Amino acid sequence: MKLDQYQVNAFTNKQFGGNPAAVVPLTEWLPRETMLAIAAENNLSETAFYVPRGDAWELRWFTPEVEVELCGHATLATAHVLFNELGVQQSTLSLLTYSGELLVSRDEDKISLDLPSHAIAETDIHPAIAEALNGVPSAAYAAPSWVYRFETEAQLRALTPDFRALLVATDLPVIVTAPGDEVDFVSRFFGPQVGVDEDPVTGSAHCALVPLWAQRLGKTSLRARQVSARGGELDCELVGERVLLRGHARTFLRGQIELTE
């Protein structure tokens with residue numbers, strides 16, 4: 001069996017920027033263990049698989065170690081493949097996922113994702129997490145992942161986490177964030193719990209970050225940057241209980257997977 005595969009850099013228009021995701025079009029679902037093995041073989045932060053269902057597409061995401069319930073950058077990569085590699089003419093795509101229906105649309109030269117916002121509540125700073133981050137956070141918030149806020153972008157860029165200690169300190173990924181020097185806010189994402197020590201650009205993290213910074217800055221349209229080594233740019237908007245993320249994507253690789261018995 002041969003499967004087409006695309007590798008797309010999401011949330012960037014640079015050849016070697018953003019977050020790389022693999023996208024594998026299917027006609028029917030493969031066994032879960034096969035999809036996980038493909039994701040592990042790719043060794044990217046996410047591999048997306050989709051199956052067409054009428055006018056919609058069922059979509060699932062895998063890290064090299066686990067299946068996840070929401071992934072923004074691999075959703076953007078999937079939409080890029082459908083729009084720009086496979087010639088889908090619909091202006092808006094309906095993607096059916098474990099996080100519900102996600103609508104993705106063309107937005108001039110960018111792609112716009114409509115994602116659920118995540119409730120976020122301030123909580124105590126966990127000393128073991130702070131120690132593992134090798135930094136001094138100003139506040140902590142509970143969401144699907146921990147969110148630790150710092151005072152400056154420089155503090156955020158200077159963090160050198162001990163990923164093994166972070167894995168011991170918590171069973172949840174940790175998002176760190178701060179006001180940006182040139183954008184509204186910046187962030188990084190540390191996820192050794194899901195097999196990704198630092199994710200280059202994390203769309204799903206912004207489902208919690210956008211409500212946080214919208215409240216702190218008193219506005220609903222925000223510019224964000226994830227300050228990983230590869231880096232990525234996101235235009236963000238809070239609309240009720242939804243988060244809109246807009247970004248570029250660029251195809252890096254087209255190829256085939258050969259599966260044998």
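Among 67, 151, which is the only one that is in contact with a Lys or Arg (Cβ under 7 Å, 6 or more places away or on another chain), at negative phi and of a type in the set (D, E, K, R)? Unique residue meeting the criteria: 67. Is it fair to say residue 141 is out of contact with any helix residue (DSSP H, G or I) (no Cβ under 6 Å at 6 or more places or on another chain) and modelled with pLDDT of 95 or more? Yes.
One residue stands out in the range 210-255 among those that are of a type in the set (Gly, Ala, Ser) and assigned to a strand (DSSP E or B): the one that is surrounded by the fewest Cβ atoms within 10 Å (Cβ to Cβ), namely 255. Across the range 1-43, the number of residues qualifying as out of contact with any Lys or Arg (no Cβ under 9 Å at 6 or more places or on another chain), hydrophobic (A, V, I, L, M, F, W, C) and surrounded by 13 or more Cβ atoms within 10 Å (Cβ to Cβ) comes to 13.
Results for (1) among the aliphatic types (A, V, I, L, M); (2) in contact with a helix residue (DSSP H, G or I) (Cβ under 8 Å, 6 or more places away or on another chain); (3) at pLDDT 95 or above, shown as yes or no for each residue.
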site	(1), (2), (3)
68	yes, yes, no
71	no, no, no
89	no, no, no
122	no, no, yes
126	no, yes, yes
134	no, no, yes
163	no, yes, yes
171	no, yes, yes
176	yes, yes, yes
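Filtering the range 160-169 to residues that are among the β-branched types (Val, Ile, Thr) and either in a helix (DSSP H, G or I) or buried (at least 17 other Cβ atoms within 10 Å of the Cβ) (or both) leaves only 168. When the range 70-96 is limited to residues that are buried (at least 19 other Cβ atoms within 10 Å of the Cβ) and of a type in the set (Val, Ile, Thr), the one that is farthest from the chain's Cα centre (by Cα) turns out to be 81.
The values are calculated or read from the model by the stated rules, or taken from the named source; none is laboratory data. Everything numeric here is computed off the predicted structure, so don't read it as measured data. With ideal geometry, Cβ positions are generated from the backbone for all residues, glycine too; neighbour counts draw on all protein chains shown.
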